[in-house]
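J.: The structure that follows is given in the form of structure tokens.
The values are calculated or read from the model by the stated rules, or taken from the named source; none is laboratory data. Just so you know, these numbers come straight off a predicted model, no measurement behind them. Cβ placement follows ideal geometry from the backbone for every residue including glycine, while neighbour counts extend to all protein chains displayed.
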Amino acid sequence: MLGCFIKAELFRLSKMKAIIIIPIILALIILLQNYILLGFNGFNLTYALFDEEVPADVAAEEDIGAGYDVFGRTLPEGEEPVDEEKAQELAEKSKKIFGGIGTGYFFNVSQTYQSGIQGEMPMLLIAIVAALFLGNDYSTHFSKNYPLINGRRWISAVAQLVVMGLFTLCIHILVWILSFISNLFWADSINPGFGLDTLWYFVFSYLATMAIVTLIQFVATLFRSKAAAIVFSILTSVGVVSTPITIADAILQWRYGWDEFSLNYIIPTKILATAGSATSAKMMLLATIFVIIYLTSSVLGSIVLLRKRDMSTS
């Protein structure tokens, strides 16, 4: 029976315009973000804004290729360099204004993938699709037909989650492919960065995303509302829900001066954006444990709610 429901839900998802529009929007955003991160030379842009040439000695000192303009093209030779004091001032200004912009020579494909998947936009777009898909039964009142499946409407919920899991996996693979393409064109390295840590982060980021998806399903089931699922998905993805936690974490860090621990590693809306390749093994393990807790508790909570409603209609 579960297989039949999965096929039905796959067909229903395939009819949603969002699964075509969302990946296209995401691809454009990821490519633009990766271009700014990898191919855009923020250091030289500072000099361009002040109509100055990047001095070779300062460029070498800052570990940035001398003789290249904002877009990586070779600069004309023969211009007089600015004085040393002015050059240092502009170098510091560049660091403050542009930070990590145009740092493609530091990134392999896995690091570019991490930068992309940790952003708000992939999670927001996945959450919107999840809310529309998982809450659709309540907006169309199709859920009233669930008692017809012998009091096992939770089977349909599991099938919907499996289908959303496949969609989420496809989005993560898409981000990795776009990261590879970005590194191919704009970074000094197309090293995939494959390794156990890379594979583990891919699995971790997928599970962390699915934890949010299962929470959206739980909200839709609890309130029997597509609108509630949409509101929750948006507020969760853009960080509104986690803002009080972020403030509390800052206060606790200031008060107790924790070296590693942060509330961001245990809050579902912040885990994906916080945990990464630079995270210690201990904090990564803590984040993974809480991801699994949120994921399993949300799924079980949805099943319990549906089983209770099955009994009330039997």
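J.: Mind listing whichever residues of the range 207-224 are of a type in the set (S, T, N, Q) and over 22 Å from K308 (Cβ atoms)?
T.: Hit for the range 207-224 is T209, nothing else.
J.: Next up: For I293, are the conditions met, namely being surrounded by fewer than 17 Cβ atoms within 10 Å (Cβ to Cβ) and in a helix (DSSP H, G or I)?
T.: yes
J.: Could you tell me whether the range 286-294 includes any residue that is among the hydrophobic types (A, V, I, L, M, F, W, C) and at pLDDT below 80?
T.: no
J.: OK, next. With respect to Y294, determine if the residue is among the aromatic types (F, W, Y) and more than 15 Å from M123 (Cβ to Cβ).
T.: Against the criterion (among the aromatic types (F, W, Y) and more than 15 Å from M123 (Cβ to Cβ)), Y294 does not qualify.
J.: Now for a separate question. When you check I29 against the structure, is it at pLDDT 85 or above and either closer than 23 Å to F180 by Cβ or not in a helix (DSSP H, G or I) (or both), yes or no?
T.: Spelling it out, I29 is indeed at pLDDT 85 or above and either closer than 23 Å to F180 by Cβ or not in a helix (DSSP H, G or I) (or both).
J.: Continuing with the same structure: Among the helices (runs of 4 or more DSSP H) contained in the range 90-178, which hold 1 or more residues that are at pLDDT 60 or above and of a type in the set (S, T, N, Q)?
T.: The qualifying helices (runs of 4 or more DSSP H) are 109-117, 136-139.
J.: So is A273 of a type in the set (A, V, I, L, M, F, W, C), in contact (Cβ under 8 Å) with a residue 60 or more places away in the chain, farther than 23 Å from S139 by Cβ and surrounded by fewer than 18 Cβ atoms within 10 Å (Cβ to Cβ) or not?
T.: For A273, the condition - of a type in the set (A, V, I, L, M, F, W, C), in contact (Cβ under 8 Å) with a residue 60 or more places away in the chain, farther than 23 Å from S139 by Cβ and surrounded by fewer than 18 Cβ atoms within 10 Å (Cβ to Cβ) - is met.
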